[in-house]
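Some notes on the structure that comes next.
Each value in this text was obtained by applying a stated rule to the coordinates, not by laboratory testing. This is a predicted model, so every value here is computed, not measured. We place every Cβ from the backbone using ideal geometry, glycine too, and count neighbours over all the protein chains shown.
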Amino acid sequence: MPDDTATDQPQVNEIEVRGLLVGVFQENCWVVGNKRTKEAICIDPGDQADDIVHMAAEMGVTIKIIANSHAHLDHILGVRGVQSATGAKFLLHRDDEEIARGAQESARRFGMEAEPVPDPDLWVDDGTKVEVDGLSLHTLHTPGHTRGSVCYYTDELLFSGDTLFAGSIGRTDLPGGDYQQEMTSIVEKLLKLPDDTIVLPGHMQQTTIRNERQMNPFVVQELRDRGMLAPGDPDGTPGGSGLVLPSDF
C-alpha cells in the first residue's frame, strides 16, 4: 500500500484504499479515494451495494465513478445499487457489453435474483484515464479472462480484476476466455510494471508483481516458454542467469 509516512511525496498521503469481500463468490470490491478532495472510484462492486456505500462514507469519500475490470456477475451485480445511491458514472470495456447484458440471467442460473445491470456511461480502453478530483487510474486492456478485461494502475498499485491472482490467474474456460491471450496480457502488460507494484486482485489476497514474476507457476512457465528464463532457472528470480528480457520490456 502507499506509505502514509512518506514526506517527499505528499500527494501519496491523500490516497486511501479499502477493500470489501462481497457476495457468495467472495469477490474483492475496492474503493480508492482522495482524502483531500473527498472523491473516490469504486472498482468491481459485485454485490452488497449498501455495504460498499457505507464503507465509502466511513472513508469520508463519495463514489463518483464505478470502474469495472470486467462484466462477470460476481463483479457487477452491485453496480446498480451503488449507482443509485451515489449517481456515479459506470465504466466498462465495450467488449464485455454482451456479458453485462446477460448478468441477470446468469444470476438466475445460480438461484440468485438480480436487477439488470445499467448501461455503461462510458467505455474504457487501453490507455483510458479514469479520473476524479485528485486521483487518476490508468487503464490497461488485458483480455484473456474475458475479451473486455481491464486492469487499473496508479502509483505502483494495480487493481488486477480476474487477470492475475496471488499464485494463479483468472480462468479462461468461460465464453470469451483465451488462455494464451491472458498470458500475453500478463507478460506484455503487467510484468512491465515496477516489481514493487502491489496487486489488489478480484479474489483472494494481495500480492506484488515481483512475487508473481518469481513464484506464480503460470507466469514462470510462460516466461520459460518464451525463452525469457535461462535454462535450468527454477523460477523468475532476478540474479544469476535470471530473466532474459527484451530491450523494451
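Using the Cα gyration tensor of segment 145-187, with a ≥ b ≥ c the square roots of its eigenvalues, what is the shape: rounded (a/c below 1.5), prolate (a/b larger than b/c) or oblate (neither)? Judged from the Cα gyration tensor, segment 145-187 comes out prolate (a/c at least 1.5, a/b above b/c).
Taking label points 7 Å from Cα along the Cα-to-Cβ direction, residue 138 and residue 108 give a separation of 4.3 nm. Full extension of the chain between residue 26 and residue 57 yields a length gain of 9.0 nm, computed as 0.36 nm times the residue separation minus the alpha carbon distance. Within the shell of other residues whose beta carbon sits under 11 angstrom from the beta carbon of residue 28, the net charge comes to -3, with Lys and Arg scored +1 and Asp and Glu -1.
With K and R counted +1 and D and E -1, the other residues having a Cβ less than 10 Å from that of residue 175 yield a net charge of -1. Measuring between alpha carbons in the structure, the pairs from 38/89; 35/189; 38/64; 89/189; 89/192 lying more than 20 angstrom apart are 35/189; 89/189; 89/192. If R0 equals 41 Å, the separation of the Cβ atoms of residue 192 and residue 101 corresponds to a calculated FRET efficiency of about 0.80. Here r is the Cβ-Cβ distance between residue 174 and residue 215 and R0 is 35 Å; the resulting FRET efficiency, rounded to 0.05, is 0.85.
Taking label points 7 Å from Cα along the Cα-to-Cβ direction, residue 94 and residue 129 give a separation of 2.2 nm. Over all other residues within a Cβ to Cβ distance under 10 Å of residue 209, the charged ones net out to -1, with Lys and Arg as +1 and Asp and Glu as -1.
The Cα center of segment 24-38 and the Cα center of segment 112-158 differ in position by 13 Å.
Taken over the chain, the ratio of Cα radius of gyration to 2.2 N^0.38 Å equals 1.01.
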